[in-house]
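Enquirer: Can you read through this structure? Questions will come right after.
Just so you know, all these numbers are worked out from the coordinates, no wet-lab data involved. If you're wondering where the values come from, they're calculated on a predicted model, not measured in any experiment. Backbone-built Cβ (ideal geometry, glycine too); neighbour counts: all protein chains shown.
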Amino acid sequence: MPTKSVRRKGHAVTIDQVASHAGVSPMTVSRVVNGRGTVRDDTRERVQRAVAELGYRPNLAASSLAAAQHTCIALIYTNPSSAYLRELLVGALNGSGRTAAQLVIATWDTLDAEGQRNAARELAKSVAGVILPPPLCESKPVIQEFVRAGVAVVSIASGQFSHDISCVRIDDFAASKEVTAHLIANGHTRIGYIKGHPNQTASEHRYKGFKEALAEAKLPLEEGLVEQGYFTYRSGLDAAEHLLGLADRPTAIVASNDDMAAAVVSVAHRRGLDVPHDLSVVGFDDTSAATTVWPELTTIHQPIASMADAAIDILLRTIRREDRKSRVIVNHVIPHQLVTRDSVAEPQEEIVAAIKRAPRVAKKAVGARR
């Protein structure tokens with residue numbers, strides 16, 4: 001085997017060059033790189049060594065193209081957030097366009113549980129793969145219908161990794177803990193929380209992250225400062241009305257998504273509170289809702305579009321495997337990012353002091369600041 005690299009500066013290494021370097025056929029290199037077929041251990045090691053030495057990077061888009069032709073993938077949607085839907089569609093359309101997969105978009109908003117199961121059974125007859133965003137990503141009856149029919153399934157943003165299907169997600173616990181710790185680092189000790197929809201385990205993971213941040217800072221969890229939300233703007237309004245109507249209201253609020261955080265900002269403005277000087281607000285997801293309110297929201301960036309794009313790749317790799325009898329389940333965790341904007345500030349001392357007194361005094365103190 002030659003020891004001198006055949007890689008030329010400015011030119012990408014080809015699969016033929018790797019094959020020549022390893023002394024095997026291009027088909028053998030393809031099998032090793034894509035994990036398909038049977039290759040002897042010593043041959044696999046030789047190919048992998050050649051790949052590393054030459055710095056070979058397979059063109060995933062090109063290798064997916066042939067397999068994607070005439071491959072139909074369905075994206076099924078029931079999420080109430082239009083901002084979330086936009087990001088999801090952008091990613092799915094990018095992925096399908098890049099790989100030439102056929103994308104079918106199905107909306108099941110009007111279907112009950114039995115209707116969804118029947119629709120899954122029917123759809124399974126015409127598609128090779130399915131993308132399930134929240135909340136369908138955790139519907140066991142729907143998932144069972146697709147798995148039983150041999151359809152590849154990838155869930156997006158599921159807080160609970162399933163051994164039946166692949167998933168693309170972020171670490172909701174760590175992300176929620178980080179954004180809460182950001183408020184604590186800015187001096188907030190009385191923090192309200194609006195939960196996500198209880199039908200999604202991601203909601204529970206985010207709540208646990210919030211509680212863990214409080215615990216690490218040795219701050220008490222006050223149940224009276226926790227409200228149930230449902231990932232909708234309307235539920236955010238209701239929760240914010242209650243939290244900001246308290247005599248001893250919080251100086252900051254963590255909302256489990258941007259829609260509800262935007263609702264908190266709206267209620268705060270209507271009550272004459274300045275965000276962030278009288279109230280800090282943070283969201284989650286970094287959808288368009290985070291930048292269409294004033295001030296723009298500090299939030300957790302969940303790369304929804306990239307997650308949908310990645311789901312397309314995972315589905316195509318699953319569909320084109322030669323050994324379809326054994327299932328390969330992928331748990332793909334994508335990094336999140338804390339995005340700091342103008343909705344967070346240190347709590348004002350006079351506001352904190354006023355909040356600890358009677359509501360009438362607190363209202364007077366807020367007015368005095370203005």
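Enquirer: Scan around residue 298 for amide H atoms under 5 Å from its own, H built in the peptide plane at 1.01 Å from N, and keep only partners 5 or more places away or cross-chain.
Expert: Those qualifying (amide H under 5 Å, at least 5 residues apart or on another chain) are 283, 341, 342, 343, 344.
Enquirer: Something else about it: So which trypsin sites (Lys or Arg not before Pro) in the stretch 231-277 are both in a DSSP loop and have at most 16 other Cβ atoms within 10 Å of their Cβ?
Expert: 271
Enquirer: Amide H of residue 106 versus every other amide H placed in the peptide plane: which residues, excluding those fewer than 5 positions away on the same chain, fall under 5 Å?
Expert: 75, 76, 77
Enquirer: When we measure straight from the Cα of residue 125, which aspartates and glutamates land under 17 angstrom away, once same-chain ones fewer than 8 places off are left out?
Expert: 145
Enquirer: Report the paramagnetic label zone for residue 98: residues of the stretch 152-189 whose backbone N is under 20 Å from a point 7 Å from Cα along the Cα-to-Cβ axis.
Expert: Flagged as within label range: 153-158, 166-171.
Enquirer: Here's something else I'd like to know. Could you calculate the FRET efficiency of residue 43 with residue 111 from 1/(1 + (r/R0)^6), where r is the beta carbon distance between them and R0 is 56 Å, rounded to 0.05? Display every interim value, and only then the final one.
Expert: Numbers: r = 51 Å, r/R0 = 0.90.
Given R0 = 56 Å and the Cβ-Cβ separation, E is 0.65.
Enquirer: Counting only Cα atoms, I'd like the Rg/Rh figure for the stretch 169-262, Kirkwood definition for Rh.
Expert: On the way: Rg = 12.2 Å, Rh = 13.0 Å.
Reported Rg/Rh, Kirkwood definition of Rh: 0.94.
Enquirer: Further question on the same structure: Quick query: amide H of residue 153 versus all other amide H atoms, modeled in the peptide plane; which residues come in under 5 Å with a sequence gap of 5 or more or a different chain?
Expert: 130, 166
Enquirer: Additional query: Using 1/(1 + (r/R0)^6) with R0 = 30 angstrom and r between the beta carbons of residue 86 and residue 148, what's the FRET efficiency to the nearest 0.05?
Expert: Numbers: r = 32 Å, r/R0 = 1.07.
So, using R0 = 30 Å, E works out to roughly 0.40.
Enquirer: Here is a further query. With only Lys, Arg, Asp and Glu charged, each at its Cβ (+1 for the first two, -1 for the last two), find how big the charge dipole of the stretch 100-212 is about the Cα centre; round to the nearest 20 debye.
Expert: Dipole size: approximately 200 debye.
Enquirer: May I pose another question? Taking residue 208 as the anchor, which aspartates and glutamates have their alpha carbon closer than 16 Å to its alpha carbon, excluding any fewer than eight residues away along the same chain?
Expert: Reachable aspartates and glutamates: 171, 172, 178, 216, 222, 223, 227.
Enquirer: Same structure, new question: Working out 0.36 nm times the residue gap between residue 338 and residue 14, then minus their Cα-Cα distance, what length gain in nm do you get to one decimal?
Expert: Full-extension gain reported as 112.8 nm.
Enquirer: With +1 on each Lys and Arg Cβ and -1 on each Asp and Glu Cβ, and nothing else charged, work out how big the dipole of the stretch 219-274 is about its Cα centre, in Debye to the nearest 20.
Expert: The dipole of the stretch 219-274 has a size of about 180 debye.
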